[in-house]
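Have a look at the structure below, then the notes.
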Amino acid sequence: MAYAAHFAATMLACYLTAQVLARSTWTWRSPRVAIICWQAVGLALGLSAIGLPMALGLSAYDLPTGSALLALASDLVHGTLPAGETAFHLAGVGVGIGIGAMLVATTARSIHGAVLAQRRHRDLLTLVARNDPAAPGALVLDHPSAAAYCLPGVRPQVVVSAGTLSLLDRAELAAVLSHERAHANERHDLVLLPFTALCRALPWFGWVRDAHERVALLVEMRADDKARELHAEAPLAGALRRFAAAGHRITPAGALGMGDRDLDVRVQRLLISDSPPRILGGAALAVAATLVALPISLFLS
């Protein structure tokens, strides 16, 4: 039972850490560190959700979960089980394995769905998009609504709409293109993928859905920071304001869009040039590493 209690404590720590991250403002000033912390919370939660029912089901072995699982497999092969290892306990092990299989399956399904959506959209772009010297390195989609997005993948593609070309001036457009290239270069689609899988596998945790929303916003802020490094605050902030005023914006499935999330908040943070103290970021990363290490150590012991 002690190992189950450790997994339960880790899940509680994940919940509390997620609440702190959700309410903290320093995350906006250091989105890269915050994204790593959220990833650690997600990984630790997934491992603990697998490990808790397993540890309960393996309590008769009084061994760390990984060692107990190997011992159970050996006993099942030889047709013997220790006293106290009942059908109820075996069901707990099955639940843990089922949660793990569900996480793997939902991740694979999310990857498959994203790849299909991206492939369909690439095929569409070959028919309707065009090159334009006003948007170097990007494809232009003849659509009146404001659109600027990155279609990620092995060969990422930045796309803007004709409505965006008429909406933004040259400096603002350059900042937007840098923002979208940052999504592609840092593979932000892969950053979001585990949280999409967690939302599907653990739908009863409302804060998991909130975590997905938080990470999606932090990904946009991180891309904003990369664009700000090249173009300063004013052009990017101006572009965000214009996207906000434009109202209807389009971003296809499987893509990361410039104007999808909390534009007003992102404009406000661009005016803040300071970063949080390094000791705060270091402490956050230490907590994140501890969260991940706890369930891994229980499995590998």
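Residues that are in a helix (DSSP H, G or I), surrounded by fewer than 17 Cβ atoms within 10 Å (Cβ to Cβ), in contact with a helix residue (DSSP H, G or I) (Cβ under 9 Å, 6 or more places away or on another chain) and free of Cβ contacts under 8 Å to residues at least 24 places away in the same chain do not occur anywhere in the stretch 247-263.
Scanning the stretch 174-209 for residues that are in contact with a Phe, Trp or Tyr (Cβ under 7 Å, 6 or more places away or on another chain) and charged (D, E, K, R) turns up just one, E180.
If you go through the stretch 143-155 and keep only what is in a loop (DSSP other than H, G, I, E, B) and either touching a Lys or Arg at 6+ places or on another chain (Cβ under 9 Å) or at positive phi (or both), you end up with S145, A147, P152, G153, R155.
Taking the residues in the stretch 113-142 that are in a helix (DSSP H, G or I) and out of contact with any Gly (no Cβ under 9 Å at 6 or more places or on another chain) as candidates, determine which candidate is nearest to L177 (Cα to Cα). It would help to see each step written out before you state the result.
The first filter runs over the stretch 113-142 and keeps only residues in a helix (DSSP H, G or I), leaving 113-128.
This time we only want the ones that are out of contact with any Gly (no Cβ under 9 Å at 6 or more places or on another chain), so: 123-128.
Working: D123: 22, L124: 21, L125: 17, T126: 20, L127: 22, V128: 20 Å.
Among residues in the stretch 113-142 that are in a helix (DSSP H, G or I) and out of contact with any Gly (no Cβ under 9 Å at 6 or more places or on another chain), the one nearest to L177 (Cα to Cα) is L125.
Considering only the stretch 158-201, how many residues are within 19 Å of H112 (Cα to Cα) and of a type outside the set (G, A, S)? Going through the stretch 158-201 one residue at a time, the tally reaches 13. Looking only at residues in the stretch 102-112 that are in contact (Cβ under 8 Å) with a residue 24 or more places away in the chain and within 28 Å of L139 (Cβ to Cβ), the one that is least open to solvent (accessible area, probe 1.4 Å) is S110. In the stretch 137-155, of all residues being open to solvent by 80 Å² or more (accessible area, probe 1.4 Å) and within 29 Å of the chain's Cα centre (by Cα), the one that is modelled with the highest pLDDT corresponds to R155. A138 meets all of the listed conditions (1) in contact (Cβ under 8 Å) with a residue 60 or more places away in the chain; (2) small (G, A, S); (3) over 23 Å from L298 (Cβ atoms) but one, namely (1). Among the conditions (1) under 18 Å from Y3 (Cα atoms); (2) in contact with a Pro (Cβ under 8 Å, 6 or more places away or on another chain), E85 misses just one, which is (2).
The values are calculated or read from the model by the stated rules, or taken from the named source; none is laboratory data. Just so you know, these numbers come straight off a predicted model, no measurement behind them. Here Cβ is always computed from backbone atoms with ideal geometry, including for glycine, and neighbour counts include all displayed protein chains. Accessible surface areas use protein heavy atoms only, side chains included; no ligands, DNA or RNA. Shrake-Rupley method; radii C 1.70, N 1.55, O 1.52, S 1.80 Å.
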